[in-house]
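Chemist: Here you go, one structure.
The values are calculated or read from the model by the stated rules, or taken from the named source; none is laboratory data. Computed from a predicted structure; not experimentally measured. As a convention, Cβ positions derive from the backbone with ideal geometry for all residues, glycine included, and neighbour counts pool all protein chains shown. SASA here: full protein model, heavy atoms, side chains in, ligands and nucleic acids out. Shrake-Rupley method; radii C 1.70, N 1.55, O 1.52, S 1.80 Å.
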Amino acid sequence: MSAPDRIRLLLADDHPVVRAGLRAVLETEPGFEVVAEAATAEQAVARAAQPGVDVVLMDLQFGAGMHGSAATAAITARPDAPRVLVLTTYDTDADILAAIEAGATGYLLKDTPPDELAAAVRTAAAGKSTLAPAVALRLMDRMRAPAEALSRRETEVLQLVADGLSNQQISRRLFLSQATVKSHLAHIYTKLAVDSRTAAVAAAIARGLIRR
């Protein structure tokens, strides 16, 4: 698939200043057109389902609403969906794995220079993947030591532990049995060489596996 002559963009971020900044940067690029903005992930899903969008620049955190990864999955599940390029401040394993599994074409951090952002948008429009160097390095580290890396589900469980949820609440949130949650925690403790929830959260935050 080749990139279209004109790349039509949807900016999805809950901060108006961020959207305005992105619009100002991207609209100076030849062939780029910002056709819509979304302040919530739900709005992004609805607008991306309509014709006329080639690439969605997607944040991950939208307050109390739908998460950006869930929105990415909803968007990319549709036939002939636009590409989704995640643009966020988060570079933890939990966020990276969730976004990639959801179908994101690329993953960039918000401190990406404008020229690199523009190049990433063109790459995404062409159907190719692009990763921020720090993100690519994290994924390479996981590949080098797979036995020590937390799985996608384990990072999800541990992030919910860090968010203050009990095993029972986690089981309801993820539609798992409490026994399965406990099993995930046991594997997490072994991989992180810890023996408690508190120690697991502290170790994971220190390693950049989950958000603080």
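Chemist: Being acidic (Asp, Glu) and buried (at least 21 other Cβ atoms within 10 Å of the Cβ) is the filter here; which residues of the stretch 61-109 pass it?
Modeler: So the first thing to find is which residues in the stretch 61-109 are acidic (Asp, Glu), and the list is 80, 91, 93, 95, 101.
Correct list: Asp93, Asp95.
Chemist: For residues in the stretch 30-86 being of a type in the set (A, V, I, L, M) and part of a loop (DSSP other than H, G, I, E, B), which is modelled with the lowest pLDDT? I'd like the intermediate steps shown before the answer.
Modeler: We begin by selecting, within the stretch 30-86, every residue of a type in the set (A, V, I, L, M); these are 34-36, 38-39, 41, 44-46, 48-49, 53, 55-58, 60, 64, 66, 70-71, 73-75, 77, 81, 84-86.
Next, from what is left, pick out any that are part of a loop (DSSP other than H, G, I, E, B): 39, 49, 53, 60, 64, 66, 77, 81.
Details: Ala39: 96, Ala49: 95, Val53: 96, Leu60: 94, Ala64: 80, Met66: 93, Ala77: 95, Ala81: 95.
My answer is Ala64.
Chemist: Quick one: in the stretch 110-122, of everything that is surrounded by fewer than 21 Cβ atoms within 10 Å (Cβ to Cβ) and free of Cβ contacts under 8 Å to residues at least 60 places away in the same chain, which residue is nearest to Arg6 (Cα to Cα)?
Modeler: Ala119
Residue-by-condition table, conditions (1) surrounded by 19 or more Cβ atoms within 10 Å (Cβ to Cβ); (2) in contact (Cβ under 8 Å) with a residue 60 or more places away in the chain; (3) within 23 Å of the chain's Cα centre (by Cα):
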| site | (1), (2), (3) |
| --- | --- |
| Arg19 | yes, no, yes |
| Glu27 | no, no, no |
| Glu42 | no, no, yes |
| Gln50 | no, no, yes |
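Chemist: Show the residue pairs that are 6+ apart or on different chains and have beta-carbon atoms under 7 Å apart, the first residue being within the stretch 133-145 and closer than 16 Å to Thr88 by Cβ, the second being in a loop (DSSP other than H, G, I, E, B) and open to solvent by less than 80 Å² (accessible area, probe 1.4 Å).
Modeler: Ala134/Asp91; Val135/Asp91; Arg138/Asp91
Chemist: Looking at Ser166, Ser171, Ser177, Ser183, can you tell me which residue is modelled with pLDDT of 90 or more, among the small types (Gly, Ala, Ser), surrounded by 16 or more Cβ atoms within 10 Å (Cβ to Cβ) and farther than 30 Å from Asp54 by Cβ?
Modeler: On the way: Ser166 fails: surrounded by 16 or more Cβ atoms within 10 Å (Cβ to Cβ); Ser177 fails: surrounded by 16 or more Cβ atoms within 10 Å (Cβ to Cβ); Ser183 fails: surrounded by 16 or more Cβ atoms within 10 Å (Cβ to Cβ).
So the residue among Ser166, Ser171, Ser177, Ser183 that is modelled with pLDDT of 90 or more, among the small types (Gly, Ala, Ser), surrounded by 16 or more Cβ atoms within 10 Å (Cβ to Cβ) and farther than 30 Å from Asp54 by Cβ is Ser171.
Chemist: Among (1) under 26 Å from Ala136 (Cα atoms); (2) in contact with a Ser or Thr (Cβ under 8 Å, 6 or more places away or on another chain); (3) assigned to a loop (DSSP other than H, G, I, E, B); (4) not charged (D, E, K, R), where does Tyr90 come up short?
Modeler: Going through (1) under 26 Å from Ala136 (Cα atoms); (2) in contact with a Ser or Thr (Cβ under 8 Å, 6 or more places away or on another chain); (3) assigned to a loop (DSSP other than H, G, I, E, B); (4) not charged (D, E, K, R) one by one, Tyr90 breaks only (2).
Chemist: With respect to Thr89, is the statement that it is at pLDDT 95 or above, polar (S, T, N, Q) and within 27 Å of Leu158 (Cα to Cα) true? Break it down into steps so the answer makes sense when it comes.
Modeler: Working: at pLDDT 95 or above: no; polar (S, T, N, Q): yes; within 27 Å of Leu158 (Cα to Cα): yes.
No; evaluated as a whole, the condition is false for this residue.
Chemist: Within the stretch 11-29, which residues are in contact with a Phe, Trp or Tyr (Cβ under 9 Å, 6 or more places away or on another chain) and either part of a loop (DSSP other than H, G, I, E, B) or at positive phi (or both)? Talk me through it step by step, then tell me what you get.
Modeler: Going residue by residue through the stretch 11-29, those that are in contact with a Phe, Trp or Tyr (Cβ under 9 Å, 6 or more places away or on another chain) are 12-14, 26.
Correct list: Asp13, Asp14.
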